[in-house]
Amino acid sequence: MKIKHLINKIREGLSILTTVTLLATCHSHSSGNKKTFRYNEPTGIATLDPAFAKNQSIIWPVHQIYNTLVQTDSMLNIIPSLAISWQISPDHLTYRFHLRQDVYFQDNEAFPGGKGRKMVAEDIVYSLSRLVDHKTASSGAWIFNERIAGPQAFQAPDDSTFELTLISAFHPMLGLLSMQYCSVVPHEVVDKYGKDFRNHPCGTGPFQFSSWEEGQDLILLRNPHYFEKDAGGHSLPYLDAIKISFFDNRATEFLMLQQGRLDFMNDIDPSFKDEVLNKKGQLREAWKGRIQLSKSPYLNTEYLGIVMDSSMPMVKNSPLRLLKVRQAINYGFDRRKMMMYLRNSIGTPAESGFIPPGLPCFDSAIVKGYHYDPAKARQLLKEAGFPDGAGLPRIILKTIDTYADLAGFIVRELEEVGISVQVDIVQKSLLLEETAKSQAPFFRASWIGDYPDAENYLSVFYSENPAPPNYTRYHNPEFDALYRQSLQENNDSLRYRLYRKMDQLMIRDAPIVPLWYDEVIHLVSPAVRGFEANGLNLLELRHTQIR
């Protein structure tokens, strides 16, 4: 009855009252003395089963309910979670994890007496085996594809020890294990609910499932048995609840934030970015004191891709097959001006390689990319046999409507140096299909890091990888050799050196036109404290407080 009463109080305190002003509603996030963090998910949430945590809308609530063996901190370092320590064998094939002994699953009717039981190593074996089981049909099974010899690669020598064995060395494995796909689930609850586990989740995380009315709201309550404590020995999390609403209109979401009915908003919609930010990306005076602006590097590189496979007829007949034409495009437009005037300086002009800031190996002083140099672009065109663009066929750039203004800017700038580009706006689903089949010679794309290791970005250009991720069909034997060498290198400094060498090699060959390195943008209520952004844009609420 207490839980039901709390849910009702939360809903009463968070009901939509469009006439309420910011001043009158700034404390509506409290129901009595209960502290509730509220955010909106405009795309909805498809499932709460971590085996299907394929996008941000699912990853965020899943991260609150479950834990993984290891996790990332705010600087994207791998740190303990369910595992307190681990060792890697000299051949880098076997990982042995030593588990915490104070972790319990959240209470659930599937357990005897409804009380959550202690988590043991067999639960990790079960969870990861379920992930790779074809019957589960998990979108995250790729994590272990061709890396382990079937489910027998997961072993539990005893309740407090878990072992993972790989077929060949793969240094980023710890980063993969931090992904929400690898969350630990109890077999009893999965067995009880079957496919309905999607809306009856149970994990070991800081918040536990309470209720979900699809299209209305999802409510998570503080897990009173959560194992983590802060530096002062106080139990985490500090919040009592999380409420997620599902309004699909971004303008409505922004209005709710203004009126104090949401505690944060992710990203800024183009329709109101000029109202909130100036061209330097700073909060306008009218909003200071009313909203906190948080910006940090995001593991997302936006770029234009160019298919490189010369055996394909569309490549044989395209001017993009010529290196100097590709390089001319890279020099032919002003990324800095584009970022300032079209994105209000959200993000960093991509004048280095494909690897974005936020990863420890990023170093723009070593990896030199392209900057705006129209004279250089014209010279390259002349050397390619197209002086002032004479004889250069028109190039078709495929993109989606969201990026039409950016594409238009690039087209106008390239025309000035003699490169004629026509923008073809298509549906997102069609663009994804055509790029996966290498049917779009020149296309807009982005790469969001799945895990915090630059290997994830460099795998996009490894020739033995299909499309995806190698959408450009880039093939350079020297790059491939360095990539394979990096997978065997356990010394961070040496591996980072290999990463930078690969990045420079690829950017010289220009199978892509980097546009910008993205940023995490959060608009946050002034009442919120301890809410830190990270490069994966993972919603972290364990240390968050509300005044």
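Remark: relative contact order (the range 297-520) = 37 percent; criterion is Cα-Cα distance under 8 angstrom and separation of 6 or more residues. Relative to the Cα centre, the charge distribution of the chain, modelled as +1 at Lys and Arg Cβ and -1 at Asp and Glu Cβ, gives a dipole magnitude of about 1000 debye.
Taking the inverse of the mean reciprocal distance over all distinct Cα pairs, the Kirkwood hydrodynamic radius of the range 67-204 comes to 15.4 Å.
Here the sum of -39500 (n - 2.57) over DSSP H runs of 4 or more residues, divided by the residues of the chain, equals -8000 deg cm²/dmol at 222 nm, to the nearest 500.
Across the chain, the longest run free of exposed loop sites, meaning GluC sites (Glu not before Pro) lying outside DSSP classes H, G, I, E and B with no more than 15 other Cβ atoms within 10 Å, spans 215-463.
Ordered by the count of other Cβ atoms within 10 Å of each Cβ, fewest first, M308, M179 give M179, M308. With θ taken as phi - 60° and the Karplus curve 6.51 cos²θ - 1.76 cosθ + 1.60 applied, the whole-hertz 3J(HN,Hα) list for the range 333-346 is 9, 8, 4, 5, 5, 4, 5, 5, 8, 9, 10, 6, 6, 7 Hz, x standing for glycine and proline.
For the chain, take N as its residue count and report Rg(C-alpha) divided by 2.2 N^0.38 Å.
So the Cα radius of gyration is 1.03 times the expected 2.2 N^0.38 Å.
Shown for R378, R100, R508: other C-beta atoms within 10 Å of each C-beta, ranked fewest to most, produce the order R508, R100, R378. Taken about its Cα centre, the range 297-520 carries a charge dipole of roughly 580 debye when the Cβ of each Lys and Arg holds +1 and the Cβ of each Asp and Glu holds -1. The Rg/Rh ratio for the range 297-520, using Cα coordinates for both the radius of gyration and the Kirkwood hydrodynamic radius, is 0.94. Can you work out D for the range 376-480 in µm² s⁻¹ from Stokes-Einstein, where Rh is the Kirkwood radius over C-alpha pairs, the temperature is 25 °C and the viscosity is 0.890 mPa s? Rounded, D is 157 µm²/s.
Rounded to the nearest 20, the Cβ-based charge dipole of the range 67-204 about its Cα centre (Lys and Arg +1, Asp and Glu -1) stands at 220 debye.
Normalised by the number of residues in the chain, the average gap of Cα pairs under 8 Å and 6 or more apart makes the relative contact order 19 percent. The share of C-alpha pairs in the range 391-441 whose separation exceeds 16 Å stands at 44 percent.
Between K35 and D240, A241, the built amide H atoms are under 5 Å apart, and every one of these is 5 or more places off in sequence or on another chain. Quick one: angle between helix 121-132 and the longest Cα principal axis of the chain, in degrees between 0 and 90, rounded to 10, please. The answer is roughly 40 degrees.
By how many degrees, 0 to 90 and rounded to 10, does the Cα axis of helix 2-13 deviate from the longest principal axis of the chain? With rounding to tens, the tilt is 50 degrees. Relative intensity of the range 33-112 on a log10 scale, I(q)/I(0) at q = 0.16, 0.18 Å⁻¹, equals -0.91, -1.06, per a Debye sum over C-alpha point scatterers of equal strength in the absence of solvent. Note down the relative contact order for the range 253-326 as a percent, whole number, built from C-alpha pairs under 8 angstrom at least six residues apart. Relative contact order, the range 253-326: 14 percent. FRET efficiency for the I396 to S139 pair, using the beta carbon distance and R₀ = 35 Å, is estimated at 0.65.
Which whole number of Å³ per residue matches the convex hull of the alpha-carbon atoms in the range 145-279?
Enclosed volume per residue, from the Cα hull, is 240 Å³.
Compute the angle between helix 404-417 and the longest alpha-carbon principal axis of the chain, please, reported from 0 to 90 degrees and rounded to the nearest 10. In the chain, helix 404-417 runs at an angle near 20 degrees to the longest axis.
Treating each Cα of the range 254-314 as one equal point scatterer and applying the Debye formula with no solvent, the log10 of I(q)/I(0) at q = 0.28 Å⁻¹ comes out as -1.36. Here V423, V460 are placed in order of increasing Cβ neighbour count within 10 Å, fewest first, which gives V423, V460.
Between Q485 and S294, the simple label model (points 7 Å from Cα in the Cβ direction) yields a spacing of 4.1 nm. Near D424, the amide H atoms lying under 5 Å from its own belong to L397, K398, T399; only residues 5 or more places off or on other chains count, and H is placed 1.01 Å from N. For the range 304-367, the equivalent ellipsoid built from the Cα gyration tensor has semi-axes of 28, 16, 10 Å, listed from largest to smallest. Would you please name the trypsin sites (Lys or Arg not before Pro) within the range 415-490 that are DSSP coil residues with at most 16 other C-beta atoms within 10 Å of their C-beta? Here the sparse-neighbourhood loop sites are K437.
Sorted from greatest to least, the principal axis extents spanned by the alpha carbons of the range 152-204 come out as 37, 24, 19 Å. Taking the empirical scaling 2.2 N^0.38 Å for compact globular proteins as reference, the range 401-547 has a Cα radius of gyration ratio of 1.31.
Where a number appears in this text, it was derived from the coordinates with a stated rule and is not lab data. Bear in mind that the values here come from a model prediction, so they are computed numbers and not experimental data. Quick reminder, even Gly has a Cβ in these numbers, built from the backbone with ideal geometry, and neighbours come from all protein chains shown.
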